[in-house]
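> For reference, the structure I am asking about is given below.
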Amino acid sequence: MSIRRITFFVHDLAANPIVRAAALAAAVRRRYDVEIIGFLHSGPDVYEPYRGLFTCKTIHAPLDVWPVAKAIPALAALATGDVIYACKPLVTTLGPALYAARHLAARPLLLDVEDDEWATPRSGWPSFLWRDVVKGWRHATAWKFTRMLHPLTALADAVTVSTRRLQQRYGGVIVRHGPAGTGFDPDRPDLQDTAALRRLWNLPDRPPLVLFAGVPQPHKGWPILLEALAHPVARQWHLVLAGAPDHHEFAAAARVLRERCHIVGVLPHEAMPLLLAAVNAVPVPQFDVRFAQSQLPAKLVEAMAMARPVIASRVGDLPEIIGANERGWLVPPGDPAALAAAFDEIARVPELARSRGRAARSWYLAEASQQVIESRVLAIVEAVARPTVGLPATETL
């Protein structure tokens, strides 16, 4: 069959599920037209950092399962692609993707999985019981609906996943996701003046800066980061926060760290290379919980792409990605003293920080760059479009 366009169905385009989908779509856009389709559940427009990167087709809908189910045919009808790609095995994505690929017109169907949607609770049983069982029992993404939908994942012609744990559950090919586009290059001429870059956000010129970007969710080790920055060996470090400035956790951090905390707000995706070039380290102190064990944090790979020193906890695939402290620093999960010690070594031994940062970028270029994503995904697209080609092996290509 001839392929001109690939349609991506993305969960809640008003929020961050577009991050991995954007990396996949930007990579295959080098060969095919792409369209992004999805519901808007949590806001009136596409997620701000990625707004404008793609032309998106959207339908506003509450997250309740019945309005979503009723809107699935209308959302599916927006798909004009020759190949359908469902991002996440959810009612909101796999539902319309199946309808488009199996009911409206016979088209190859791919499924991408980036999170362990079965994992529960993410932040403790009381929170889970309130969010999924009491308050959110009708939500289309509630745990019970995701479990009920799972058998339908077998209808996908091929599967891509982000980590080995997800591969164990869903099979398929591991595709690591680096940032969308080609701007994450530390050798760009406009990224060489660190002081000038810091002035863009009124950041202090001299102290070492650590960056946390995104939402401080429980599994991300947010309290460990704050404890590490309070440790005596890390008190020279300042914290830069990129995300919603009114988030209560950011406000609490500002109260504790005072002049050592700098909130720069939500930034467009294309501004992240500038901010990364201005900081000295990016920590990913995930807790060792089931949800985190299946994740590949996008902010880790963005930092590696920019040759920034990264510090990650020994959770999931992170030890494999970092290596034996070859491409960053590995610390035990839930250990603020170890995290603080890594900050201290980065500040004291800049040559080591630069060396590991460059090694991190080499890993990114070999495993998660746009060129690598393109080759791996297009091999799968070619296989499902022309079955005689055969699918790639389930190991990372």
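> Would you mind checking the range 262-288 for residues with the amide N under 11 Å from a putative spin-label position 7 Å along Cα→C-beta of Arg199?
Output list for this probe position: empty.
> Now for a different question. Describe numerically, in nm with one decimal, the distance between label points set 7 Å from Cα along Cα→Cβ at Val233 and at Arg290.
According to this spin-label approximation, the distance is 3.5 nm.
> Give the share of C-alpha pairs in each 10 angstrom bin for the chain, from 0 to the last occupied bin, in whole percents, shortest bins first.
P(r) over the chain, rounded to whole percents: 5, 23, 33, 25, 12, 2, 0.
> May I ask you to derive the FRET efficiency for Ala244 and Met1 from their Cβ-Cβ distance with R0 = 41 Å, giving the value to the nearest 0.05?
Step by step, r from the Cβ atoms, then E = 0.40.
> How far, in nm, would the chain grow between Ala251 and Met148 when pulled straight, counting 0.36 nm per residue and subtracting the alpha carbon separation?
33.2 nm
> Could you calculate the contour length gain from Gln168 to Arg358, that is, 0.36 nm times the residue separation minus the distance between their Cα atoms, to one decimal place in nm?
Value of the extension gain: 65.3 nm.
> Explain nothing, just the number: dipole magnitude of the range 1-55 about its Cα centre with +1 on each Lys and Arg Cβ and -1 on each Asp and Glu Cβ, in debye rounded to the nearest 20.
Value, rounded to 20: 360 debye.
> Toward the positive end of the charge dipole of the range 147-243, about the Cα centre and with charges on Cβ (Lys, Arg +1; Asp, Glu -1), which of Trp237, Leu226, Gly214 goes farthest?
Leu226
> While we're on this one: If the cut-off is 20 Å between C-alpha atoms, which lysines fall inside it for Lys299, apart from same-chain ones fewer than 8 positions away?
Lys88, Lys220
> Quantify, in whole percent, the carbon and sulfur part of the accessible surface of the range 180-222 (1.4 Å probe; protein heavy atoms only).
Whole-percent figure for carbon plus sulfur exposure: 50.
> Also, I was wondering about something else. Dividing the alpha-carbon radius of gyration of the range 330-371 by 2.2 N^0.38 Å (N being the number of residues), what value is obtained?
1.44
> Right, here's the next one. Would you grab the residues whose amide H sits under 5 Å from the one on Ala86? Only those 5+ places off in sequence or on another chain, please, with H modelled 1.01 Å from N.
Amide H to amide H, under 5 Å and 5 or more residues apart or across chains, Ala86 pairs with Phe9, Leu110, Leu111, Asp112.
> Another one. Keeping every protein chain present and rolling a 1.4 Å probe, give me the accessible area per residue for the chain in Å².
Result: 40 Å² per residue.
> For the range 231-278, what log10 I(q)/I(0) values come out of the Debye formula at q = 0.16, 0.19 1/Å, with one point per alpha carbon and no solvent?
With no solvent term, the Cα-only Debye profile gives -0.50, -0.67.
> May I ask you to order 186-193, 261-268, 309-316, 15-22 by the average number of other C-beta atoms within 10 Å around their residues, highest value first?
Peptide ranking by packing, descending: 309-316, 15-22, 261-268, 186-193.
> Determine the share of the range 236-315's accessible area contributed by carbon and sulfur atoms, expressed in whole percent, with a 1.4 angstrom probe.
Of the solvent-accessible surface of the range 236-315, carbon and sulfur hold 52 percent.
> Please work out the FRET efficiency for the pair Tyr32 and Arg206, using the Cβ-Cβ distance as r and a Förster radius of 51 Å; give the result to the nearest 0.05.
Efficiency, from the Cβ-Cβ distance: 0.60.
The values are calculated or read from the model by the stated rules, or taken from the named source; none is laboratory data. Predicted model, so just to flag it, every value in this text is computed and none were measured. Virtual Cβ from ideal backbone geometry, glycine too; neighbours counted across all protein chains shown. Remember, those area values only see protein heavy atoms, side chains included, never the ligands or the DNA or RNA. Shrake-Rupley method; radii C 1.70, N 1.55, O 1.52, S 1.80 Å.
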